[in-house]
Each structure stands twice: as C-alpha cells, then as structure tokens.
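Quick notes on the structure that follows.
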Amino acid sequence: MARGGQGLARVAVVVRAGAAPMWWLGAIAAGIGVLVPGVTGRRIGVLAGAALFIVAAVVVAYVRRKRYTRLAGAAARAGKHDVLQDRAVTSRNWRRGHRWWLLLAFLAALGSAFAVPAAGGMLLAGCGAGLRLKAAWLGRRERDGDALLWVRVDWLGRGAGCPAGKAVKGYRGTGVAAGDAAPGGARRKTAALV
C-alpha cells in the first residue's frame with residue numbers, strides 16, 4: 001500500500017449513484033411517451049414496457065455479481081492514511097461522468113415512443129431499479145460481513161462508475177461506522193438528539 005494512502009469511494013454508493021437519475025428520467029420519458037399513440041398503440045407499448053422494465057431490473061441487478069463477490073471476499077483492510085470520499089462527492093462524480101449518456105438515453109427513450117409508447121422510458125427506469133437492487137444486495141453483504149466495501153477512486157475509470165471493472169484490482173474494507181453512507185450506499189441516518 002502506498003505510504004500516503006489512497007482516495008477511496010464506497011462501492012455501493014457508486015452502484016447506487018445512477019439509480020435515481022435513470023429512474024426519474026425513465027419515468028418522465030414513459031409518462032410523455034404514453035401521450036403519443038405510436039405505431040403499436042398505447043396498450044401494447046405499456047405492456048412491452050412493463051416486460052422490459054422487469055427484464056432490465058433483473059439483468060442489471062445480477063450482472064457481474066460473481067466479480068463483486070470475488071472482490072469483496074478478498075478485500076484488504078483500509079489503511080489509516082486512506083481518504084474516504086463523501087457520499088455526495090461520489091454520486092456527483094458518477095453523474096458528471098455519465099451526464100451525456102443519461103441525456104442520450106432520455107432522448108432515445110422519448111424518440112422510441114413514436115414507435116412503441118412508454119417502452120423506452122420503462123426500460124430506462126428498469127435499469128435504475130436494477131441498480132437500486134444491486135446496491136441493496138451489496139448492503140446486505142456489508143451488514144453480514146460487518147464491513148463496508150471501498151474501491152480506489154483512480155480505478156473507477158473516466159466516468160467514475162466502474163467499481164467492478166477490469167482496472168479494479170481489489171476492494172478495501174472498513175468498519176460499518178466509517179464514512180457518511182450506510183450499508184448499501186443510502187444516506188446514513190443520524191441518531192436523534194436527546
């Protein structure tokens with residue numbers, strides 16, 4: 001380990017960062033898409049969209065689970081000089097790195113409504129739901145192992161969003177009280193003042 005330590009981002013926060021934008025952009029695109037009759041008609045479009053939502057959520061939630069499991073199983077203890085990145089910073093970096101992709105996905109979902117109403121938006125929303133499910137699964141692993149999983153920031157890639165990519169050599173672990181995000185990447189609930 002480098003003597004000066006490394007900047008570390010929470011794995012679950014990186015995974016979860018795209019869930020809300022994809023969900024809301026998909027919901028908006030689906031809502032607008034329902035207003036367009038389209039080639040197939042609204043009923044078929046909504047039914048196709050529901051099927052795409054389910055398939056996308058399941059695929060996104062389960063893709064690369066073996067890789068996450070392998071990296072989590074071999075996680076090394078974080079060093080005292082490692083710098084833990086805030087949840088807000090990690091989320092902001094992911095969203096900045098993917099803003100053009102999100103815009104293109106939203107426009108594609110809107111455009112697809114002229115062929116199959118609402119389906120593209122529901123597909124995008126399904127991807128967001130899948131990311132939320134994957135983050136929840138990581139949170140269960142963190143609670144069961146009583147350790148939070150972190151990844152080096154410089155291994156996340158250009159878009160700051162590949163916590164299980166080829167560049168990632170391993171994870172680091174800390175106690176569950178470290179950082180400002182709870183297991184699974186959600187905002188940590190502060191204890192009520194007495």
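The values are calculated or read from the model by the stated rules, or taken from the named source; none is laboratory data. Since this is a predicted model, take the numbers as computed values, not measurements. Because the Cβ atoms are built from the backbone with ideal geometry, glycine has one as well, and the counts that use them run over all protein chains shown. Protein only, heavy atoms only, side chains kept; ligands, DNA and RNA dropped before computing areas. Shrake-Rupley method; radii C 1.70, N 1.55, O 1.52, S 1.80 Å.
Give, as ranges by residue number, the residues of region 100-120 whose backbone N falls under 19 Å from the point 7 Å along Cα→Cβ of L47. So the set is 113-120. Taking the Cα centre of region 86-194 as reference, the dipole from Cβ charges on Lys and Arg (+1) and Asp and Glu (-1) amounts to some 160 debye.
What region 42-115 shows is 66 Å² of accessible area per residue, with the surface traced by a 1.4 Å probe over protein heavy atoms. For the chain, relative contact order (Cα pairs under 8 Å, six or more residues apart, normalised by length) works out to 40 percent. Heavy-atom accessible area, probed at 1.4 angstrom with all protein chains present, ranks F53, F114, F106 as F114, F53, F106, highest first.
Rolling a 1.4 angstrom probe over the chain with all protein chains present gives an accessible area of which 65% lies on carbon and sulfur atoms. The largest accessible area among L84, L71 belongs to the first residue in L84, L71, and the rest follow in falling order (1.4 Å probe, all chains). Region 103-170 gives an Rg/Rh value of 1.14, both radii derived from C-alpha positions and Rh following Kirkwood. For region 1-53, the normalised intensity computed at q = 0.23, 0.30, 0.32 Å⁻¹ comes to -0.90, -1.13, -1.18 (log10 of I(q)/I(0), Debye sum over alpha carbons, equal scatterers, no solvent). The fraction of all Cα pairs in the chain landing in successive 10 Å bins from 0 to the largest distance is 10, 33, 29, 18, 8, 2, 0, given as whole percents.
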